[in-house]
Ligand code: NDP
């Protein structure tokens with residue numbers, strides 16, 4: 001038995017058209033999974049799917065919108081016959097001090113990063129149950145553990161993701177569904193490129209704090225995706241695993 005084999009498994013990756021989601025989708029594709037790449041930008045979706053190969057298809061949806069999520073999940077089931085793996089990865093950030101955040105900015109960050117995971121998980125649950133089990137991978141962050149004056153909304157969503165994961169893990173263990181959170185360190189993506197534009201010192205601050213002495217690359221996220229999506233992690237649930245080059249071990 002190949003513990004890491006994902007052939008005959010269907011995976012949804014939200015935000016799979018770029019950054020960390022694409023790095024994880026590459027891992028799943030290499031392990032044989034059939035992939036549903038979900039994002040709002042059809043052009044980016046198509047480029048990702050072309051790279052990922054014949055077993056990947058793009059689905060345009062805004063994961064903050066419950067009706068679009070339900071429609072996307074039913075389209076995936078129609079196309080591929082079911083769902084085994086869900087990676088709740090889509091996310092965003094608005095870097096502002098709490099006193100400067102508007103209510104709508106707060107909701108935008110919480111809806112994109114946390115409520116979306118609830119909507120997608122709830123929509124996929126009946127399909128996973130019908131298949132006899134499933135794997136849910138939720139994207140947290142170092143801000144699930146630490147924070148800064150600029151990360152109040154973002155960190156609230158990412159701290160919430162850890163507790164959301166534990167809730168799913170306890171509720172759906174009886175359905176053989178494992179839910180885990182992964183906590184990326186600083187990974188080079190569009191999101192963190194924008195952060196570096198806002199804070200020119202950030203690049204060096206990350207290197208200084210990260211024992212591995214480098215930024216993560218999106219392909220650093222491929223292995224954890226395969227592990228948490230495969231039979232190799234069947235007794236692993238409710239965890240929050242750092243993928244951070246040692247960032248969270250360092251002061
Ligand atoms: P990117 O900006 O490259 O990726 C964000 C992805 O989310 C895009 O694919 C985007 O696709 C998708 N997305 C955003 N909003 C929505 C929406 N409403 N509906 C559907 N898809 C959406 O950044 P990252 O790869 O860095 O971020 C991915 C995740 O990783 C986020 O949750 C982020 O918080 C998290 N993270 C990132 C870290 C890092 O260092 N980079 C560290 C820790 C966590 P589209 O625009 O087409 O909708």
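Of note:
For every residue, the table says whether it meets (1) at pLDDT 95 or above; (2) near the ligand (Cβ under 10 Å from one of its atoms); (3) in contact with a helix residue (DSSP H, G or I) (Cβ under 8 Å, 6 or more places away or on another chain); (4) not in a strand (DSSP E or B).
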| residue | (1), (2), (3), (4) |
| --- | --- |
| 3 | yes, no, yes, yes |
| 6 | yes, no, yes, yes |
| 17 | yes, yes, yes, yes |
| 21 | yes, yes, no, yes |
| 27 | yes, no, yes, yes |
| 54 | no, no, no, yes |
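- Some residue of the stretch 1-10 being touching a strand residue (DSSP E or B) at 6+ places or on another chain (Cβ under 7 Å) and in contact (Cβ under 8 Å) with a residue 40 or more places away in the chain: yes
- Hey, residue 112 assigned to a helix (DSSP H, G or I), within 16 Å of the chain's Cα centre (by Cα) and within 13 Å of the ligand (Cβ to nearest atom) or not: yes
- Of all residues in the stretch 30-48 being more than 8 Å from the ligand (Cβ to nearest atom) and crowded, with 22+ Cβ neighbours inside 10 Å, the one that is nearest to the chain's Cα centre (by Cα): 37
- For residue 163, the criteria (1) part of a helix (DSSP H, G or I); (2) surrounded by 15 or more Cβ atoms within 10 Å (Cβ to Cβ); (3) more than 9 Å from the ligand (Cβ to nearest atom) hold in every case but one, which is (2).
- Qualifying residue in the stretch 119-134 (condition: within 12 Å of the ligand (Cβ to nearest atom) and under 22 Å from residue 217 (Cβ atoms)): no
- Qualifying residue in the stretch 94-104 (condition: out of contact with any helix residue (DSSP H, G or I) (no Cβ under 9 Å at 6 or more places or on another chain), in a helix (DSSP H, G or I) and within 16 Å of the ligand (Cβ to nearest atom)): yes
- Single residue of the stretch 200-212 satisfying the filter (part of a loop (DSSP other than H, G, I, E, B) and touching a residue at least 12 places away in the same chain (Cβ under 8 Å)) that is farthest from the ligand (Cβ to nearest atom): 211
- Consider the stretch 177-193 and keep the residues that are assigned to a helix (DSSP H, G or I) and free of Cβ contacts under 8 Å to residues at least 60 places away in the same chain. The one that is surrounded by the fewest Cβ atoms within 10 Å (Cβ to Cβ) is 193.
- Residue 148 vs. criteria under 20 Å from the mean Cα position of the chain (by Cα), within 16 Å of the ligand (Cβ to nearest atom) and over 30 Å from residue 234 (Cβ atoms): no
- Failed item in (1) more than 9 Å from the ligand (Cβ to nearest atom); (2) within 20 Å of the chain's Cα centre (by Cα); (3) free of Cβ contacts under 8 Å to residues at least 12 places away in the same chain, with residue 170 passing the rest: (3)
The values are calculated or read from the model by the stated rules, or taken from the named source; none is laboratory data. Please read all numbers here as calculations on a predicted model, not as lab measurements. For neighbour counting, all protein chains shown are included, and Cβ atoms are generated from backbone atoms with ideal geometry for every residue, glycine included.
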